[in-house]
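Novice: The following block contains the structure, expressed as structure tokens.
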Amino acid sequence: MKKIFYVLILSIGIISCEKENIDNEFPNKSVPNKDTLEKNSSTTKYWTDITGRIEIIEVYDKVYSTDPTSSSNIDYISHTTKVPNGYVCIGGTAQVLETTNSPGALLTISAPTISKDSFEGWRAAAKAHLFGGHEIKLSVGAIGIRLKDKNGNYIPAEDLKNSLKLFTRISRTASHPSTSVTVSNGYTIIGGGAQVNWTGAGNLLTASYPKGNSWNVKSKDHGTSAPATITAYAIGIRDFIPNFGELSTMVISNCNTASSGEEFSFVTFPWDSSFPNNTEYGITSAGARATFNGAGRMLTGIGTNLEFVGASSKDHAWVDSGDICVYGIGIKKK
């Protein structure tokens with residue numbers, strides 16, 4: 001039985017952090033059963049920092065390709081989850097949930113809403129590549145943030161949006177397109193995503209992750225030629241936020257190796273019971289990168305439950321090995 005993605009495993013591995021190496025032992029942490037924890041419709045989680053001035057919310061929807069309100073094509077599904085009023089969206093999750101049909105579906109989008117809906121929600125999409133006719137189940141999460149000013153009052157969402165900026169870049173058309181986008185000076189990256197702009201048989205997401213102050217994305221066709229472009233999104237927040245101050249960020253990562261089939265990787269921020277919610281940093285974004293040695297391995301999950309970050313990838317129709325790496329961005333009040 002396929003393991004459910006939103007779970008925490010006992011052996012996470014070594015955390016990679018931009019600031020320091022951290023011993024990955026958390027004896028006080030409650031570990032859910034990895035075969036039973038699943039994101040359900042309208043699930044919500046909250047995190048507040050030790051100062052009480054940063055609040056993060058994550059809202060999840062679970063949708064099905066057989067639901068006519070979600071999709072008109074059983075082999076493809078897309079959905080947008082929005083954060084509640086008062087919050088701005090700075091990250092999100094996308095996960096193909098368990099199905100009884102093989103070889104399953106693969107991600108093509110995990111990206112922020114754009115244009116007039118910027119910073120309001122998160123978009124995700126998946127497709128049944130080459131082998132269709134089966135229901136797709138997709139979990140889409142939107143991560144929202146709101147801040148309190150120095151007087152303890154919430155900063156209005158429209159004002160906070162003025163301290164955020166969405167940076168985008170589209171790749172050239174290729175069978176294996178890739179690109180990256182960097183936030184400009186005066187901003188720090190706190191989130192990012194990817195959208196594969198595919199036609200024909202389809203092109204599938206293989207990477208969407210932070211590196212320094214950039215967001216890197218990759219995709220590939222699989223089994224049949226289908227060149228495409230891919231769009232990279234990076235969400236930057238001003239280094240100094242009016243009426244609030246500054247934020248400190250941390251990036252963590254972990255990689256696991258798969259010989260075949262679906263593989264998962266998890267990582268968590270430092271665990272300390274002296275902090276509210278037991279973590280010093282609040283998670284604002286998740287990223288993932290799948291490597292492969294043959295026909296290909298593609299992403300099936302990029303996500304977080306505000307306690308840990310997880311990613312999953314799989315081969316598809318043709319057996320292949322490779323790594324699945326997960327990345328998380330966290331913030332705290334400086």
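Where a number appears in this text, it was derived from the coordinates with a stated rule and is not lab data. Fair warning: this is a prediction, and the values are worked out from it, not measured in the lab. Cβ atoms come from the backbone with ideal geometry, glycine included; neighbour counts cover every protein chain shown.
Novice: Past 31 Å, Cα to Cα: identify those pairs from K314/K334; K148/K218; K82/K218; K127/K148, in the order given.
Specialist: Working: K314/K334 39 Å; K148/K218 37 Å; K82/K218 25 Å; K127/K148 40 Å.
Pairs exceeding the cut-off: K314/K334; K148/K218; K127/K148.
Novice: Express the relative contact order of region 129-209 as a whole percentage, based on alpha carbon pairs under 8 Å and six or more residues apart in sequence. Can you show the working numbers first?
Specialist: On the way: 37 pairs, mean separation 15.7, N = 81.
Relative contact order for region 129-209 comes out at 19 percent.
Novice: Here is a further query. Residues with beta-carbon under 14 Å from that of H222, excluding H222: net charge, scoring Lys, Arg +1 and Asp, Glu -1?
Specialist: Details: positive: K127, K218, K220, R297, K314; negative: D221, D315, D320.
With Lys, Arg at +1 and Asp, Glu at -1, the net is +2.
Novice: Over what distance in Å are the Cα centres of region 283-317 and region 177-220 separated?
Specialist: 13 Å
Novice: Going highest first, how would you order 319-328, 244-253 by mean Cβ packing within 10 Å?
Specialist: Working: 319-328: 21.8, 244-253: 18.8.
So the order, starting with the most tightly packed, is 319-328, 244-253.
Novice: Which whole-percent values make up P(r) of region 128-231 when all C-alpha to C-alpha distances are grouped in 10 Å steps starting at zero?
Specialist: Bin by bin from 0 Å, the calculated values are 13, 32, 29, 17, 7, 2.
Novice: What is the packing order of peptides 138-149, 173-184, taking the mean over residues of other C-beta atoms within 10 Å and listing the highest first? It would help to have the intermediate numbers written out before the result.
Specialist: Working: 138-149: 24.3, 173-184: 17.2.
Per-residue mean Cβ counts within 10 Å order the peptides as 138-149, 173-184.
Novice: ³J(HN,Hα) across region 213-220 via Karplus (A = 6.51, B = -1.76, C = 1.60, θ = phi - 60°), whole Hz, x for Gly/Pro?
Specialist: Result, ordered by residue: 9, 10, 10, 10, 9, 8, 8, 7 Hz.
Novice: I've got another one for you. When ranked by the protection proxy of mean other Cβ atoms within 10 Å per residue, highest first, what sequence do the peptides 207-220, 121-134, 44-57, 259-272 form?
Specialist: Working: 207-220: 23.4, 121-134: 21.5, 44-57: 16.9, 259-272: 19.7.
Listed from highest to lowest mean packing, they are 207-220, 121-134, 259-272, 44-57.
Novice: List, in order, the whole-Hz ³J(HN,Hα) value for each residue of region 91-96 obtained from phi through the Karplus relation with A = 6.51, B = -1.76, C = 1.60 and θ = phi - 60°; use x for Gly and Pro.
Specialist: Values per residue, Gly and Pro as x: x, x, 9, 8, 8, 6 Hz.
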